[in-house]
1. Look through the stretch 122-131, keep the residues that are among the aliphatic types (A, V, I, L, M) and open to solvent by 10 Å² or more (accessible area, probe 1.4 Å), and return whichever of them is nearest to Asn90 (Cα to Cα).
2. So, of the residues in the stretch 106-121 that are open to solvent by 20 Å² or more (accessible area, probe 1.4 Å) and assigned to a helix (DSSP H, G or I), which turns out to be modelled with the highest pLDDT?
3. Just to be sure I understand, how many residues within the stretch 53-98 are at pLDDT 75 or above, open to solvent by 60 Å² or more (accessible area, probe 1.4 Å) and not hydroxyl-bearing (Ser, Thr, Tyr)?
4. Going through the stretch 136-157 one residue at a time, which ones are open to solvent by 10 Å² or more (accessible area, probe 1.4 Å) and either charged (D, E, K, R) or in contact with a Ser or Thr (Cβ under 8 Å, 6 or more places away or on another chain) (or both)?
Amino acid sequence: MIRHHDAVWSLDMSNPALISSFTNAGIEHLDVAESPWGCACIHSVASGVTQYAWYTAPSVMIPAQAANGHMVYIRYTAKATALTGTLRCNIGYSSVSAGAGTASGRYDAATSGTYDWTEFTQSVEMPVDAVISYIVIGTAPGSGEAWIRDVRFTAMHSSG
């Protein structure tokens, strides 16, 4: 049983095998040696199309759908240079009770601009019957660059 503030999942940036399914050439995994910041991270060069890294093994990443029935707090740290699009860190899921195709996401201007490492947060209420199909991290259409690290989900409390 998940307790208040239990970590549900975090992206292991040191495991390149997990980070293997990218949608286009504008996004890449940088290990500690490749990163100009000395930390493993996801690097996105924003363009006119979405630049997403898809993680499609949620049964491995979030064992036994541990987030279901909880308010989940999504946290990540990002750095950006002249970013005109927005950052996205989404949990894609389906749920009979909430509708067939639902997803969480952050799509606001707070992630645009130029800034040093900053923590961003959002929350999503996960239905008890949710089936997580993917996790996606990246940038929406725009310009500029972004680096994303420390992606983690925390169960806040029961949503029921």
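The values are calculated or read from the model by the stated rules, or taken from the named source; none is laboratory data. Treat the numbers as computed from the prediction; the structure is a model and nothing was measured. FYI the Cβ positions are ideal-geometry reconstructions off the backbone, even for glycines, and counts take in every protein chain you see. Accessible surface is based on the protein model in full, side chains and every heavy atom, while ligands, DNA and RNA are left aside. Shrake-Rupley method; radii C 1.70, N 1.55, O 1.52, S 1.80 Å.
1. The residue in question is Val124.
2. By that ranking, first place goes to Ala110.
3. Counting residues in the stretch 53-98 that are at pLDDT 75 or above, open to solvent by 60 Å² or more (accessible area, probe 1.4 Å) and not hydroxyl-bearing (Ser, Thr, Tyr) gives 2.
4. Of everything in the stretch 136-157, those that are open to solvent by 10 Å² or more (accessible area, probe 1.4 Å) and either charged (D, E, K, R) or in contact with a Ser or Thr (Cβ under 8 Å, 6 or more places away or on another chain) (or both) turn out to be Pro141, Gly142, Ser143, Gly144, Glu145, Trp147, Arg149, Asp150, Arg152, Met156.
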